[in-house]
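Below is one structure, written out as structure tokens, with a few remarks after it.
The values are calculated or read from the model by the stated rules, or taken from the named source; none is laboratory data. If you're wondering where the values come from, they're calculated on a predicted model, not measured in any experiment. Here the Cβ positions follow ideal geometry from the backbone for every residue, glycine too, while neighbour counts run over all protein chains shown. Only protein heavy atoms, including side chains, enter the accessible area calculation; ligands, DNA and RNA are left aside. Shrake-Rupley method; radii C 1.70, N 1.55, O 1.52, S 1.80 Å.
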Amino acid sequence: MEERTIGKWTIGLKPRLSRERDILCDCLYCLNFRKAVKDLNEQERRLFDQLSLDPARPDLLSDFPAESFPERYYLGHYELAGQLLDGPPAASDHWTDENTETIGRFRIGFSNGSKLRLEFETVLPWLLSEPPED
Ligand SMILES: [Zn+2]
């Protein structure tokens, strides 16, 4: 297990099993997310690199119109193999300043249920030529 320090947390990371069967959603909101995370800033890229995560492949992704149209408010999680060794766990329904941290445009937390998850919320630009439908 390799240790990673992310903000206020220490994560014990195991190599993740590859997922060959996962199918990417083709709706406009998921397409926009995958496009937007190709252009992460240095801080954000470092977060995903440290956890060996592909930002374009969250295990759960929900989206809503953001306050400023046509930006998009996204939230979801990435599953990790490993465990939270130190730092306050976040429950997705109970985010506080103590159990979350903001890295670039991502507000993140780690929840430690049956699986370790990187939980996130972020507001990203709309990059598709087609406008959002809502
Ligand atoms: Zn979708």
Discussion item. List the residue pairs whose Cβ atoms are under 9 Å apart, where the first residue sits in the range 65-82 and is within 23 Å of Asp54 (Cβ to Cβ), the second is surrounded by fewer than 17 Cβ atoms within 10 Å (Cβ to Cβ) and among the aromatic types (Phe, Trp, Tyr), and the two are 6 or more positions apart or on different chains.
Written reply: Arg72/Phe64; Tyr73/Phe64; Tyr74/Phe64; Leu75/Phe64
Worksheet item: What number goes with the only condition from (1) open to solvent by 50 Å² or more (accessible area, probe 1.4 Å); (2) modelled with pLDDT of 95 or more that Lys115 does not pass?
Response: (2)
Worksheet entry | Some residue of the range 19-31 being touching a residue at least 12 places away in the same chain (Cβ under 8 Å), of a type outside the set (D, E, K, R) and away from the ligand (no atom under 16 Å from the Cβ) | no
Fill in: Answer residue from the range 55-80, given it is more than 16 Å from the ligand (Cβ to nearest atom) and closer than 21 Å to Ile23 by Cβ and is surrounded by the most Cβ atoms within 10 Å (Cβ to Cβ) among those
Leu80
Discussion item. Among (1) at pLDDT below 95; (2) exposed (fewer than 13 other Cβ atoms within 10 Å of the Cβ), there is one condition Ala90 misses while meeting the rest; what is its number?
Written reply: (2)
Discussion item. Let me confirm something: among Leu128, Leu85, which residue is open to solvent by less than 80 Å² (accessible area, probe 1.4 Å) and closer than 15 Å to Ile11 by Cα?
Written reply: Leu85
Practice prompt. Output yes when any residue across the range 34-46 is within 13 Å of the ligand (Cβ to nearest atom) and on the phi < 0 side of the Ramachandran plot, and no when none is.
Written response: yes
Worksheet item: Restricting attention to the range 2-10, does a residue exist that is in contact (Cβ under 8 Å) with a residue 24 or more places away in the chain, open to solvent by 30 Å² or more (accessible area, probe 1.4 Å) and within 16 Å of the chain's Cα centre (by Cα)?
Response: yes
Response to the item:
The lone condition Arg34 fails out of (1) at pLDDT below 95; (2) basic (Lys, Arg); (3) open to solvent by less than 60 Å² (accessible area, probe 1.4 Å) is (1)
